[in-house]
Amino acid sequence: MFAIVRNWKTPANRLLAAASRGRPQGLMRGSWIADLAALGKAITLCGQCMPRWDARKNGYEQRNVTPNHRLAVGECDGCAATHVTCAMYLPKEKR
Ligand SMILES: [Zn+2]
């Protein structure tokens, strides 16, 4: 299985992206990831942050970004590094 990549560049989604400012300054990184996990949102983590977060314990699993790509270049939710190779985690599907 792989994640469905939607067209995020619709006007409505661009407004949503502008409204969402990401992790607030001063909030600890672990708290930010816990907030994302509580809301069931996608979490991207770089290679250094990956071992520090137990995805299975939080009901998450690593998913392919596209059918043939396991990693993507993006912003890490753990250390806020930009343009790093990240793995994507999504809530585990209930089967
Ligand atoms: Zn990181």
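For region 42-58, which residues satisfy the criterion of being surrounded by 13 or more Cβ atoms within 10 Å (Cβ to Cβ) and either outside any strand (DSSP E or B) or touching a Phe, Trp or Tyr at 6+ places or on another chain (Cβ under 7 Å) (or both)?
The answer is Ala42, Ile43, Leu45, Cys49, Met50, Trp53, Ala55, Asn58.
Given Leu71, Leu45, Leu16, Leu36, which one is at pLDDT below 90 and among the hydrophobic types (A, V, I, L, M, F, W, C)?
Leu16
If you scan region 41-70, which residues turn out to be within 13 Å of the ligand (Cβ to nearest atom) and of a type in the set (A, V, I, L, M)?
Scanning region 41-70 gives Ile43, Leu45, Met50.
All but one of (1) over 12 Å from Tyr89 (Cα atoms); (2) in contact with a helix residue (DSSP H, G or I) (Cβ under 8 Å, 6 or more places away or on another chain) hold for Gly59, so report the exception by its number.
Condition not satisfied by Gly59: (1).
Can you tell me which residue within region 26-41, out of those that are part of a helix (DSSP H, G or I) and of a type in the set (D, E, K, R), is surrounded by the most Cβ atoms within 10 Å (Cβ to Cβ)?
Ranking the candidates gives Arg29 first.
If Gly26 passes every condition in (1) modelled with pLDDT under 85; (2) on the phi > 0 side of the Ramachandran plot; (3) within 13 Å of the ligand (Cβ to nearest atom) but one, which one does it miss?
Among (1) modelled with pLDDT under 85; (2) on the phi > 0 side of the Ramachandran plot; (3) within 13 Å of the ligand (Cβ to nearest atom), the lone unmet condition for Gly26 is (3).
Residue by residue through region 75-95, note down the ones that are crowded, with 17+ Cβ neighbours inside 10 Å, within 16 Å of the ligand (Cβ to nearest atom) and assigned to a strand (DSSP E or B).
Residues satisfying the conditions are Val84, Cys86, Ala87, Met88, Tyr89.
The values are calculated or read from the model by the stated rules, or taken from the named source; none is laboratory data. Keep in mind that this is a model prediction, so the values were computed, not measured. Positions of Cβ are backbone-derived with ideal geometry, glycine not excepted, and every protein chain shown enters the neighbour counts.
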